Amino acid sequence: ADLPRLPAGFVLGTSTASYQIEGAWDADGKGPSVWDTFAAEPGRIGDGSDGRVACDHYHRWTEDVALLRELGAGGYRFSIAWPRVQPGGSGPVNAAGLDFYDRLVDALVEAGVAPMATLFHWDLPQTLQDAGGWPSRETAERFADYAAACVERLGDRVAQWVPVNEPNVVTLLGHGLGWHAPGLELGFDALPVAHHLNLAHGRALAALRAGGARAVGTASNHAPVRAVSESEADRGAAELFDALWNRLFGDPVLLGRYPDLLADALPVADGDLEAIAAPLDFYGLNYCNPQAVAAAPEGAAIPFELREVTGYPTTDFGWPVAPDGLREQIAILGERYPGLPPIVITENGCSYGTGPDADGVVDDQPRIDYLDAHLRAVAAAIDDGADVRGYYCWSLLDNFEWAEGYAQRFGLVHVDYDTLVRTPKRSFRWYADVVRAQAAPG
Ligand code: GCO
């Protein structure tokens with residue numbers, strides 16, 4: 001078959017996150033996280049669900065590693081739940097929590113799958129939230145201690161580390177708009193959160209380096225921003241949103257400064273930007289789709305309005321399928337950031353609701369088409385001259401999709417949430433074929 005071809009050495013993998021798959025929310029000494037709290041509040045999650053059981057990966061991880069082995073995946077990106085490692089977010093380590101990841105990492109290495117560990121994929125210990133959370137600078141300092149504990153235990157085998165997943169989503173959705181945990185609606189007053197997450201990245205980066213980490217990068221969500229018209233108002237709104245969504249996180253990490261539009265709102269102390277901009281081994285890019293932006297009417301509290309980009313088909317989640325935007329985003333990073341380290345696509349994927357048919361087959365052709373087109377976009381970006389080293393499909397398993405609950409299915413593997421039975425979809429077989437084709441000579 002005509003499969004996308006990626007260069008030799010390119011890593012094809014999959015990606016997950018602790019709260020979305022693990023379940024076992026109070027097992028073996030784990031403390032509550034802000035997502036446990038948030039999901040328990042009425043009305044927060046679309047289908048009224050939570051992550052207490054999720055895919056029960058905490059108990060079924062051997063089965064999930066076997067799936068990765070079957071897939072032939074070169075890499076697996078997972079996240080470590082901070083409240084398993086430090087139930088209260090500081091102080092002594094809960095050995096049982098780190099033991100879980102220690103076994104997982106061993107099994108991945110044994111299966112020939114390179115472990116990529118994310119330290120924070122949003123499940124902040126509730127105790128730290130109660131002490132101020134990300135609006136408090138202190139949380140970034142606590143994060144460094146936690147990073148040190150993780151690298152001390154796992155650093156000999158983890159191939160790549162990601163300190164913070166998508167600081168822009170945590171800032172804007174978690175603290176600006178309140179759609180995600182901790183559900184704060186601070187509006188523009190959420191901006192200090194962005195700096196503290198960037199600082200957490202910098203502090204963890206130093207701790208990981210000190211602990212002998214083999215490679216450290218990011219998992220930053222970026223979107224090409226398109227003004228809905230050429231009018232000055234729309235272009236100004238697009239520029240502001242671009243600063244908030246993309247440059248507030250990319251600029252300090254890759255240039256050591258904040259965009260002028262926002263710099264005054266950020267509580268930067270001496271030395272912070274140097275720590276945040278310390279060199280990286282790779283720049284992880286999470287890509288969904290481009291974002292269209294219009295000016296808001298005069299006097300609105302937020303001066304821009306988000307619109308859907310038009311002219312694309314959409315997934316079952318209603319998200320535009322825009323592989324050209326991935327190639328464009330890779331080009332934007334290269335233009336904006338001289339000295340950009342190699343890029344790894346740390347997340348890209350789509351939600352389609354397809355379940356098993358009468359024969360138990362999950363025929364998710366639209367996901368195959370999506371992945372095919374996005375992998376070709378990566379190959380095209382490499383032809384354009386970009387240095388892209390890997391692609392991690394979101395996600396290995398159907399899982400808890402945050403405020404949507406279990407309504408959106410992003411997995412290569414179907415999960416029956418009543419029985420927890422895993423069924424590889426046709427896209428899983430297809431992705432395995434892509435891995436084999438890529439590994440084959442010629
Ligand atoms: C993240 C993500 C994942 C999502 C995926 C689909 O890192 O953004 O939010 O956790 O589940 O991107 O939305």
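Figures for the structure shown
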{"read-out": "Options 266, 280, 261: the member that is touching a helix residue (DSSP H, G or I) at 6+ places or on another chain (Cβ under 8 Å), surrounded by fewer than 22 Cβ atoms within 10 Å (Cβ to Cβ) and free of Cβ contacts under 8 Å to residues at least 24 places away in the same chain", "value": "261"}
{"read-out": "Test result for residue 205, within 16 Å of the ligand (Cβ to nearest atom), of a type in the set (A, V, I, L, M) and outside any loop (DSSP other than H, G, I, E, B)", "value": "no"}
{"read-out": "Options 218, 171: the member that is in contact with a strand residue (DSSP E or B) (Cβ under 6 Å, 6 or more places away or on another chain), surrounded by 22 or more Cβ atoms within 10 Å (Cβ to Cβ), under 29 Å from residue 309 (Cα atoms) and not hydrophobic (A, V, I, L, M, F, W, C)", "value": "218"}
{"read-out": "Segment 401-412 residues that are closer than 19 Å to residue 366 by Cβ and of a type in the set (A, V, I, L, M, F, W, C), paired with ones that are away from the ligand (no atom under 12 Å from the Cβ) and assigned to a loop (DSSP other than H, G, I, E, B) (beta carbon under 7 Å, 6 or more apart)", "value": "407/46; 407/47; 412/425"}
{"read-out": "Only one of 386, 358 that is more than 19 Å from residue 71 (Cβ to Cβ), without any contact (Cβ under 8 Å) to a residue 60 or more places away in the chain and either in contact with a strand residue (DSSP E or B) (Cβ under 9 Å, 6 or more places away or on another chain) or of a type in the set (Phe, Trp, Tyr) (or both)", "value": "386"}
{"read-out": "Residue under evaluation residue 339, criteria (1) more than 16 Å from the ligand (Cβ to nearest atom); (2) at positive phi; (3) at pLDDT 95 or above, criterion not met", "value": "(3)"}
{"read-out": "Selected residue (only one of 64, 28, 2, 56 is closer than 28 Å to residue 113 by Cα and at pLDDT below 95)", "value": "2"}
{"read-out": "Residue 416 being touching a helix residue (DSSP H, G or I) at 6+ places or on another chain (Cβ under 9 Å) and away from the ligand (no atom under 16 Å from the Cβ)", "value": "no"}
{"read-out": "Top-ranked residue of segment 154-188 - restricted to ones that are among the aliphatic types (A, V, I, L, M) and assigned to a helix (DSSP H, G or I), ranked as nearest to residue 209 (Cα to Cα)", "value": "154"}
{"read-out": "Positions within segment 14-37 being crowded, with 24+ Cβ neighbours inside 10 Å and either on the phi > 0 side of the Ramachandran plot or within 16 Å of the ligand (Cβ to nearest atom) (or both), in sequence order", "value": "14, 15, 16, 17, 18, 19, 20, 21, 22, 33, 34, 35"}
{"read-out": "First in segment 164-176 and without any contact (Cβ under 8 Å) to a residue 60 or more places away in the chain, second anywhere and away from the ligand (no atom under 12 Å from the Cβ) and in a strand (DSSP E or B), Cβ under 9 Å, 6 or more apart", "value": "164/119"}
{"read-out": "Residue identified as within 16 Å of the ligand (Cβ to nearest atom), more than 21 Å from the chain's Cα centre (by Cα) and not polar (S, T, N, Q) among 357, 364", "value": "364"}
{"read-out": "Test: residue in segment 152-166 that is surrounded by 24 or more Cβ atoms within 10 Å (Cβ to Cβ) and basic (Lys, Arg)", "value": "no"}
{"read-out": "Candidates 87, 42, 115, 92, filtered to the one that is outside any helix (DSSP H, G or I), under 21 Å from the mean Cα position of the chain (by Cα), on the phi < 0 side of the Ramachandran plot and away from the ligand (no atom under 16 Å from the Cβ)", "value": "115"}
{"read-out": "Which listed residue, of 151, 113, is in contact with a Leu (Cβ under 9 Å, 6 or more places away or on another chain), of a type outside the set (Phe, Trp, Tyr) and more than 18 Å from residue 165 (Cα to Cα)", "value": "113"}
{"read-out": "Hits in segment 379-407 - residues which are away from the ligand (no atom under 11 Å from the Cβ) and part of a helix (DSSP H, G or I)", "value": "379, 380, 381, 382, 383, 384, 405, 406, 407"}
{"read-out": "Only listed residue being surrounded by 23 or more Cβ atoms within 10 Å (Cβ to Cβ) and either under 13 Å from residue 6 (Cα atoms) or touching a residue at least 12 places away in the same chain (Cβ under 8 Å) (or both), chosen from 430, 394", "value": "394"}
{"read-out": "Candidates 60, 52, 5, 77, filtered to the one that is touching a residue at least 24 places away in the same chain (Cβ under 8 Å), farther than 27 Å from residue 317 by Cβ and of a type in the set (Lys, Arg)", "value": "5"}
{"read-out": "Residues (among the hydrophobic types (A, V, I, L, M, F, W, C) and within 19 Å of residue 45 (Cβ to Cβ)) located in segment 395-419", "value": "397, 400, 402, 403, 407, 410, 415"}
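Table: residues versus (1) farther than 27 Å from residue 105 by Cβ; (2) within 16 Å of the ligand (Cβ to nearest atom); (3) among the β-branched types (Val, Ile, Thr).
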residue: 133; (1), (2), (3): yes, no, no
residue: 149; (1), (2), (3): no, no, no
residue: 152; (1), (2), (3): no, no, no
residue: 155; (1), (2), (3): no, no, no
residue: 167; (1), (2), (3): no, yes, no
residue: 171; (1), (2), (3): yes, yes, yes
residue: 180; (1), (2), (3): yes, yes, no
residue: 189; (1), (2), (3): yes, no, no
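The values are calculated or read from the model by the stated rules, or taken from the named source; none is laboratory data. Because the structure is predicted, anything quoted here is derived from the model rather than measured. Because the Cβ atoms are built from the backbone with ideal geometry, glycine has one as well, and the counts that use them run over all protein chains shown.
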